[in-house]
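Here, each number is a calculation from the coordinates, and none is a lab measurement. Computed from a prediction, not measured in an experiment: that's the story for all the values here. A quick note on method: Cβ atoms are made from the backbone with ideal geometry, for glycine too, and the neighbour counts reach across all protein chains shown.
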Amino acid sequence: MPLSPSRRLAASALAAAAGLLAALLLLPGCGDRARAATPAAGPDPAVPVRAEPVARGPVARPVRATGAVAAKREYALAFRTGGILAEVRVEAGERVRRGQVLASLDATDVAQGARQATEAAAKARRDLERARALSAGGSLPPAALQDLETAAAVAEAQARSVEFTLRHTTLVAPEDGWVDRRLAEPGEVVGAGRPIVQLSGTGRGFVVRAAVPERDILGLVPGLPATVTLDARPDLPLQGRVAEVARQASRGTATWQVEVAFDPAPLGAPLLAGLAARVAIDREVPAQGTVPLAALRDGDGESGAVFALEGDRARRVPVRIAFLAGDRAALSGGLDGVEKVVTDGADRLADGARVRLVP
């Protein structure tokens, strides 16, 4: 359908304006001014972050282990000679005092042997006295006198040995404590060295004997502070110290026994051997430094990265992880020259990103 005169006039005007604009853009400088009128992209925005300084020096890393309570001194009491067990005067769990009689052998045979040895020693002394009188008068050769002197000395030694054995046909408590086990009954024939009573002494206090694995044993020495927590009283930690560290691993376990001495007085109740306990031994280990866990990126247990501040830029620094200590990571390498690391905002950074510190 043909255009009306007014529409033809409007179309002609638009065509003329378009041609004029194209001619202006072709003129020198006009294109540049048009491009200058278009807004340019601004600089990369700075990421707001917070940072914390790297903590240098040794790091506290307690050694934790489990064990059982025991008396420092434990005894398996036995007779030095065999015989018939005449009596056992104590029961398991009974408290005893130093010097208290615990058990005794039938000493009939030993007593007879003691009397025979005593009489033999007396006879040897009489023979020696007569020999010395004869020797003084020249009636006895010197060699015979020497033989009698030797025989008298041997008889005296045998008498003392038998008397010692007689005294030890009775078992006595070496110190205050309690009976853990009664291992024989009256009427039994027991051999020399067979344990009759197992005793725990209280004179040297109490310890927790714990097994420590190889990764933690180095650096543990007597005197280090420790905390003991009994499973029976988890609300009452007890202060202690390392008393002994084994110089050799326990057979078949690849662990070392460590004794932690402690004072049970705060418990307000008698302590029992065998109670389960946990120990935490204070120890410091070397590390290049520690950083908050929030600063650690891409960690896999052995390695990771942190963002260090360099002016208004963040630099990604690979690091080596030694261990985690609470809310911080102890690093063994990678912190050379790094003073501060980004914590809040580290998850939004890339290497070289612009940053802005906020309080």
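A full extension of the chain between R181 and E339 corresponds to an added length of 50.7 nm, given 0.36 nm per residue minus the alpha carbon distance. Over segment 108-166, the reciprocal of the mean inverse Cα-Cα separation, the Kirkwood hydrodynamic radius, stands at 12.0 Å. Take every DSSP beta bridge whose two residues both sit in the chain; close to 95 percent of them are antiparallel.
Would you mind counting up the charge near R241? Only other residues with Cβ under 12 Å from its Cβ, with Lys and Arg at +1 and Asp and Glu at -1. Counting the neighbours of R241, the net charge comes to -4. Residues D312, D336, arranged from fewest to most other Cβ atoms within 10 angstrom of their Cβ, appear as D336, D312. In loop segments of segment 48-116 as defined by DSSP, the GluC sites (Glu not before Pro) with at most 10 further C-beta atoms inside 10 Å of their C-beta are E91.
So what's the angle, to the nearest 10 degrees on a 0 to 90 scale, between helix 108-136 and the longest Cα principal axis of the chain? The two axes meet at around 60 degrees.
What net charge do the residues around L128 carry, taking every other residue with its C-beta under 12 Å from that of L128, with Lys and Arg at +1 and Asp and Glu at -1? Write down the numbers at each step before the final one.
Working: positive: K123, R125, R126, R130, R132; negative: D127, E129, D147, E149, E156.
Every neighbour counted, the sum reads 0.
If the segment from T202 to A325 were pulled out straight at 0.36 nm per residue, it would be longer than the present Cα-Cα gap by 40.5 nm.
Listed by Cβ neighbour count within 10 Å, with the fewest neighbours leading, D235, D347 appear as D235, D347. Between the amide H of V96 and those of G177, W178, V179, distances stay under 5 Å, these residues lying 5 or more places away or on another chain, with hydrogens modeled in the peptide plane. Its Cα gyration tensor gives the chain an equivalent ellipsoid, and the semi-axes of that ellipsoid, as √(5λ) in whole Å with the largest first, are 99, 25, 15.
Would you compute, from DSSP H runs of 4+ residues alone, the mean residue ellipticity of the chain at 222 nm, taking -39500 (n - 2.57) per run and dividing by the full residue count, rounded to the nearest 500?
Details: 5 runs with 88 residues, N = 359.
For the chain, the value works out to -8500 deg cm²/dmol.
Quick one: net charge around L85, please, counting Lys, Arg +1 and Asp, Glu -1 for every other residue with C-beta under 10 Å from its C-beta. Result for the neighbourhood of L85: -3.
Sorted by average packing, counted as other Cβ atoms within 10 angstrom per residue and highest first, what order do 248-256, 314-322, 136-144, 190-198 take?
Working: 248-256: 11.6, 314-322: 18.2, 136-144: 9.7, 190-198: 15.8.
Packing order, densest peptide first, comes out as 314-322, 190-198, 248-256, 136-144.
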